[in-house]
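A short write-up of the structure that comes next.
No lab work stands behind these numbers, since they all come straight from the coordinates. Quick caveat: nothing in here was measured; it's all calculated off a predicted structure. Positions of Cβ are generated from backbone atoms using ideal geometry, with glycine treated the same way; all protein chains shown enter the neighbour counts.
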Amino acid sequence: MNLLLKIAKSNFGKIVLKSLSISTLIIFVLMFYFKKIRTLFPIPEINSDKLIGFAQYYGYPFYFDTIFFFFLIFLPVLVFIVVYLLSKNK
Amino acid sequence: MKYLLGLINKNKDYLIILILSFFLSASYIVDICSGYLNYYNFDLQEFLLWHYTSLSGSFPYKDIFYPYGLLNYFKYYNLALTFIYYLIIPLLFTFIYFIFKKVFKDKLSLFFSFIFFYVFVLIIVGFPAFARYGLLVVISLIFSCIFYSNTKSTKIKTFTLFVCGMILGLFFTVINDQGAYLVLYFISLFIFSKLLQARKINFLLQNFFIQTIEQSIAVLFGFFISMIPVFLILQHFGSFYSFFTYFKDVIDIVMVAKTPFFSFIDSPANIFTVSILFFAIFYNFIKLFFFKHKFTFSSFLQTSLIITILIMEQKSIIRSIDRQITFVSLILLMFIAYELTNMLINKNQNRKIIYIIIITVATLVYGFNVERPINNFSYLFNSYELLTRNRCFDNNLKFFSTNNPSYAKIINLLRKQKGFNNKVFSFSTGDSAFYVLLNQKPPYYNAIFEGASYGNQNLAIKYMRDNEIEYVTLNTSKLSVQDTVPDYIRQGFLFKYILNNYQPFAVIGDHIILKKAQNNDFFASKILEQVEDYKNYLLDVYLYKIPHSEGLYKYNYLKNNNKIIIEGSIDKINSFLKKNNLSSSSKIIVLNSSTVNKSGSLIFIEFETKNGNSTTVYFNPCNKNEVCIINLSRIPFFYKERLVEKIIADKEYKGEIRIFDLKNSGNLW
């Protein structure tokens, strides 16, 4: 446990904690504005094969979930890189 | 003999695991024989149809067993093949133990992890889901073992890659969906291991690229070699062509099967998987790229599991399989927790206890929140007996008929009809028990998702013509499959053909029986008075975003066509309609809103015909300066040509109404 405390108190530990806090905050904000963000994506077109599923019927952007999912999953890594580079520049 | 005994003695733990899991997984027999009886109505009928077609041989390979492949198709064929299918579970557990043994260095952690994993699969995931998705996970972990041993040297053995290619090809053809994921996984792992190698050697070395090309050829060669026997089987069945066209169908199915992922993200299973994935990616990134941590075997397996989960999540994003894939996250959690406790805790004894506590607590928190799958042991002996006597199908059909007596009543009624040729067509497609009960070869694309494309709906119509179908059953209790999109919207072209060519003849239970007729008016039938709710359901048409989407993407195509009237005043439109007998045939209604509409709320437009009947269309309004397009020929009431006399628009709607005459609706829905 001492090792955990040591890591938390170290400069690196602070960067990790900062990254995770910022990521969590961004995720909450994105979830709050989820429906608004979704409307930024175009609704799907009914193609020449005239396929109608949930996405075409309710106008749910087809690739939105995939893009949003990957963004959320890799967000902590992206935030970590930014926070790390900023702390290095200081 | 001595060598064999020595080999057994050396690997006795694997043998024990294989034998133990063979007997402990016996409840899986229930699933092989009659597990699908747990499904409701349409799903149950689909399984029943698969079972029937497999036994009768009326459809070879892909046709009906999409997307589960040959392995599932043959499991009903005979007892020997059922037994081979049953072996999947014990083999998967044995391989999982093999991997665990390589990761967990102390016996306590190894046995705790394995037993815990087994109980997790038994209670939470269920054997059928494990048999399906476990194959992908176990083979991907084995590939990881092979690739990890090869990352230590710069030379990967060509023969090893050839064998990997053969395994890929075999899986791709035997279990199509898992095989496709495995190919995707293999490509990711191959690139990843190449990047790891490139860290050690000069990336620009010519040899490195030549070697990579050689290795890729070895994999591809193995892949195609292993497919040769399957191609011969396909040729024998006459399914060679359909095997390849099926990949186009898969894309179509993806287009119609997609449901929102984030609506289900708060399920316990999703939270469990996504939080582990989230942590694993962050943890491995910091460990490997920030600390330049040595790439251990455990790290390699963790990366492999992350890739596997990311691939599986893509299926979950299309259609939720959240609980089925939790066992993969559990393995990942175990590997990370074990590594972390070893890294952070000094005392050996404390490490094991803390590891056990972490896994138990994390899983129990999740485990308390999930609905358990049914593992009914009381059916075991009965199922075993049915299986050995080859009576599973008869038993399941009897179960279905007893619980759904109206199906037999309908068939009795039809058999009393003069000239009944023992063939029906059921709508919604997927109401398949009729085909089984009548011993009839079903339509090629029987499930509604695979039959959703325009081309495949036309194939269903061709089936009806070729088989001289005189009677159609309409199931009024099942109006949409799974995702609330009405079946008459999803298969609108097929539904139009049915309503225009068949007339209501009787109502039994939830079914309307239709008889072939010419120049009929479905909505004028007195029979519909018995199913008033269904009639109203077809007259109140919900199109949601379809008019918006059509307006957004296809108005340019429309605007150069024959305009009949453009008016801002609804009264002027109605006086025009009164004076001119406007036929509904080939008419397109375009609504050009002049106000900003509230998002989310639906507006309506009602159409009254000369004889005083009406139909109402509800849809999401378009924004200011956008157009919404309604194709009248897609509204059930206007499947038959009628004279439109009056239009009533929602009070919320302010703007222009344009009517077009489009003889060839072309790419419009």
Please compute, for peptide A:62-69, the average count of beta-carbon atoms on other protein chains lying within 10 Å of each residue's beta-carbon.
5
With Cα atoms, 0 to 90° folded angle of helix B:127-151 axis to chain B main axis:
50
How high is the relative contact order of chain A, in percent, with contacts defined as C-alpha pairs under 8 Å that are six or more residues apart?
34
Quick one: putting +1 on the C-beta of Lys and Arg, -1 on the C-beta of Asp and Glu, what dipole do you get for segment B:87-367 around its Cα centre, in Debye to the nearest 20?
1040
Could you give the radius of gyration (one decimal) and Dmax (whole number) of the Cα atoms in segment B:404-520, in Å?
13.2, 39
Under the rule rounded for a/c under 1.5, else prolate if a/b exceeds b/c, else oblate, using alpha carbon gyration tensor axes a ≥ b ≥ c, segment B:528-669 is classed as rounded
Taking Cβ-Cβ under 4.7 Å as the only way to count a partner, pick out the unpartnered cysteines of chain B.
B:C145, B:C164
May I ask for the net charge around B:V481, where only other residues with Cβ less than 13 Å from the Cβ of B:V481 are counted and Lys, Arg are +1 while Asp, Glu are -1?
-3
Neighbour cut-off at most 11 other Cβ (10 Å), DSSP loop, chymotrypsin sites (Phe, Trp or Tyr not before Pro), segment B:545-613
none
Ratio of alpha-carbon Rg to the 2.2 N^0.38 Å globular estimate for segment A:2-89, to two decimals, please.
1.59
Student exercise, the protein assembly as shown dipole from Lys, Arg, Asp, Glu Cβ charges, in Debye to nearest 20:
2260
If we count every other residue with Cβ under 12 angstrom of A:M31's Cβ, Lys/Arg +1 and Asp/Glu -1, where does the sum land?
+2
For B:255-267, mean number of other protein chain Cβ atoms within 10 Å
5
Rg/Rh for chain B, where both radii come from Cα atoms and Rh is the Kirkwood radius:
1.03
Protection proxy ranking of B:320-332, B:648-660, B:432-444, B:527-539 - average other beta-carbon atoms within 10 Å, highest first
B:320-332, B:432-444, B:648-660, B:527-539
On a 0 to 90 degree scale, rounded to 10, what angle separates helix B:41-56 from the longest Cα axis of chain B?
70
So if I average 1/r over every pair of distinct C-alpha atoms in the protein assembly as shown and take the inverse, what Kirkwood radius in Å does that give?
29.7
Toy charge model, Lys and Arg Cβ at +1, Asp and Glu Cβ at -1: chain B dipole around Cα centroid in debye, rounded to 20, equals 1520
Given a Förster radius of 41 Å and the C-beta distance between B:D266 and B:H236 as r, what FRET efficiency does 1/(1 + (r/R0)^6) yield to the nearest 0.05?
0.25
What is the diffusion coefficient of segment B:10-128 in µm²/s, taking the Kirkwood radius over Cα pairs and the Stokes-Einstein relation at 25 °C with a viscosity of 0.890 mPa s?
152
Proximal lysine pairs in segment A:2-89, meaning Cα under 29 Å and 8 or more positions apart or interchain, come to 11
Would you mind checking which residues have amide H under 5 Å from B:A506's amide H? H placed 1.01 Å from N; only 5 or more apart, or other chain.
B:I513
Loop-only trypsin sites (Lys or Arg not before Pro) in segment B:239-304, please: DSSP not H, G, I, E or B, and at most 13 other Cβ atoms within 10 Å.
B:K292, B:K294
How far, in degrees from 0 to 90, does helix B:268-285 lean away from the longest principal axis of the Cα atoms of chain B, to the nearest 10?
50
Could you tell me, in Å, what Rg and Dmax come out for the Cα atoms of segment B:87-367?
19.9, 65
So what J values fall out for segment B:344-360 if you push phi through Karplus, 6.51 cos²θ - 1.76 cosθ + 1.60 with θ = phi - 60°, rounded to Hz, Gly and Pro as x?
9, 9, 7, 6, 4, 5, 4, 3, 5, 5, 5, 4, 4, 5, 4, 5, 4
Could you order the peptides B:103-113, B:582-592, B:27-37 from most to least packed, using the average number of other C-beta atoms within 10 Å per residue?
B:27-37, B:582-592, B:103-113
Rg/Rh for segment B:391-454 to two decimals, with Rh computed the Kirkwood way over all alpha-carbon pairs.
1.00
